[in-house]
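Below is one structure, written out as structure tokens, with a few remarks after it.
The values are calculated or read from the model by the stated rules, or taken from the named source; none is laboratory data. None of the values given here were measured: they were computed from a predicted structure. Methodologically, a virtual Cβ is constructed for each residue, glycine included, from the backbone with ideal geometry; neighbour enumeration extends over all protein chains shown. All accessible areas refer to the heavy atoms of the entire protein, side chains included, with ligands and DNA or RNA removed. Shrake-Rupley method; radii C 1.70, N 1.55, O 1.52, S 1.80 Å.
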Amino acid sequence: MSDSAPEWLQLQIVLDFPHAQREGNIVSLKPVGLPAYNPRDTDPRSAPEEHLPPIHRIPYETLLHIIHIYIHDSNYPVRDLSTLTLVCQHWRAIVEDTSSLWGRIDASEGLVAVRKGLRMAKDASLHITYILERSKTDQSAFFKTIGERIGQWRSLVADTYTHLDEHYWAILQTTIPPRLEKLHLSGDYVYYGVFGTGSHRPAVILFGGAAAPPGLKEVRLTMIPIAVTPLKLACLKSLCLDAIHDLSTSELLRILGDSPALETLALTFMPHLVSDTTFSLPPGWTIRLPSLSHISLVYLPVPFTNLVLSVLEAPCLQKLRVGGGNTVEGIPSSQLLDEVLVHIVPTLKPLASTASAIGVTVMPSSEYKIVVGGLEIEVDGVENALLHFQDSFEWLCNHLGGNLKNLPFHLRIDTWKSSLAYLEWFTSRVVVTELSLWCSWAFEARTGEEVLLLSHQIPSSSASWFLPHTEVLISNLVWERRNPEILEMIKRRHSANREQREGGSGVPKKFKEIRLSCGKDPGQEPLGPSVDLEFLKAVETAGEGADVYWEGKKWTSAGLEQ
């Protein structure tokens, strides 16, 4: 094996085949009890099976499947495949002779690798990716090169940001990729002029106005001047449009009507869509989409959202997300829900019936989200999120079943400048069993007061505590100045549980899980200090048997699990 092979590959061979011995740059595999085998044989598949080393006994189809998985999400598929050819002659023959492995073309690898991938792919279907931020290929040269193979395109994912090359546009509006199944195109809202700034380029008509490829199943367009009106999308399964302003209400409804196989519909930030005061439909007109399971209508005018939901028949609906932005400013939440959802309550009830808990996220200054089973309602741009949340929750209980009030709540309070009113409402009206206290690091100076409130009894009561049913605590408020307060809160609540166990429902339960992290959102690098082992030890002691986690890893007496 070459020393340039990836470390994980070398290690895997050593682990799986303990009798492997290194001879210079070649790994010689000598299974116990088998005749010696020459690793330089050009076609080991022709040798008797009992003479083959274990690495060569992997079935051909299995090995291909493993390699496909390995390169599926790689930004450097040609590089990674080239590395695999260094393992042995057997693997090299398989990788180089299987053209379908080379069909992933990513501009991140540079033009030389792109051309090699196209050459090795031969006539295989191509999955094209161009992300400007990480591209190492001139946009014009890249699209000119792949444009010569447009008949082989199976998917195109392109994020061109503000740089819109003429070769790119020429391809999109002149030629139909006959094999195309997936089309994701993204631009930039400043260039596109969504907010009235930047240059507004005339919309490009996809495929020159011809019908879409018959196999096109997935279309996602984001902040880019594309006209989709002429397309016929009979096989479409997923349609996601974000800030696409060259589309009218009637055109959008026609697209939906022509897409009977649609499973996912997501429309975001399209405030230009006509309201129901200037647009009307024939009485009883509907669009039946028997496979539609997911609908997301966010940052849209309320009348338009109402119009879409009033004409759609989606008997298989599993998840609905509505709301967002200035479109709901000044409208009571109950009125919003009446306008948007009341006519599809029979469809919503099965969604809510699957709920075992109610998820609530509150950013008290302006935003809230409620998740009940498959129903998700998100609203922002409001002056008092707590009042709007209360209004929405009462509406849901009245229309979907009063038993919702009896379900446990999973409450997340984000970037919160605490208020007694919030804690008092959730304490008196619902049962919160899981509490997340979350903030971005930029807000740390004005957050964390809720930790102090949770450390004491309610001022108006001599025995009751805030959120006494909470057994799971999740927080990223861990930092040097806040740690003593978190620790003291755990100690006081557990002490009250021991001392006031007979005191009634207001006595706090002990925590069963304590999940801590440091000033970041999931998937981001931590912005604060690294783990404080002494603090975790103290939390474990104060938790009195609670499972303690740091950044998703469980804390034990031996340290963090790996």
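Data for the structure
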| quantity | calculated |
| --- | --- |
| Under 20 Å from the Cα of Lys122 - lysines, other chains or at least 8 residues apart | Lys144 |
| Solvent-accessible surface (1.4 angstrom probe) belonging to Glu551, in square angstrom, nearest 10 | 70 |
| Estimated dipole of segment 98-175 in Debye, rounded to 20 [Cβ of Lys and Arg +1, of Asp and Glu -1, Cα centre] | 380 |
| Tyr422, Tyr161, ranked by accessible area, largest first (probe 1.4 Å) | Tyr161, Tyr422 |
| Whichever lysines have a C-alpha closer than 20 Å to that of Lys232, once near sequence neighbours (fewer than 8 apart) are set aside | Lys182, Lys217 |
| Tensor-based shape of segment 68-113 (alpha-carbon gyration tensor, a/c under 1.5 rounded, otherwise prolate or oblate) | prolate |
| Nearby lysines by direct alpha-carbon distance to Lys512 (threshold 27 angstrom, same-chain neighbours under 8 apart not counted) | Lys369, Lys405, Lys417, Lys491, Lys520, Lys537, Lys553, Lys554 |
| Global form of segment 68-190, assessed from the alpha-carbon gyration tensor, a/c cut-off 1.5 | prolate |
| Solvent accessible area, Å² - Met120, 1.4 Å probe, full protein context | 40 |
| Nearest-10 value in Å² for the accessible area of Arg134, using the 1.4 Å probe | 80 |
| Lys/Arg +1, Asp/Glu -1 at C-beta; segment 76-194 dipole; positive extreme among Leu86, Ile128, His184 | Leu86 |
| Stretchable slack from Glu488 to Ser291, in nm (0.36 nm times residue separation minus alpha-carbon distance) | 65.7 nm |
| Sequence of Arg429, Arg321 when ordered by accessible area, the most exposed leading, probe 1.4 angstrom | Arg429, Arg321 |
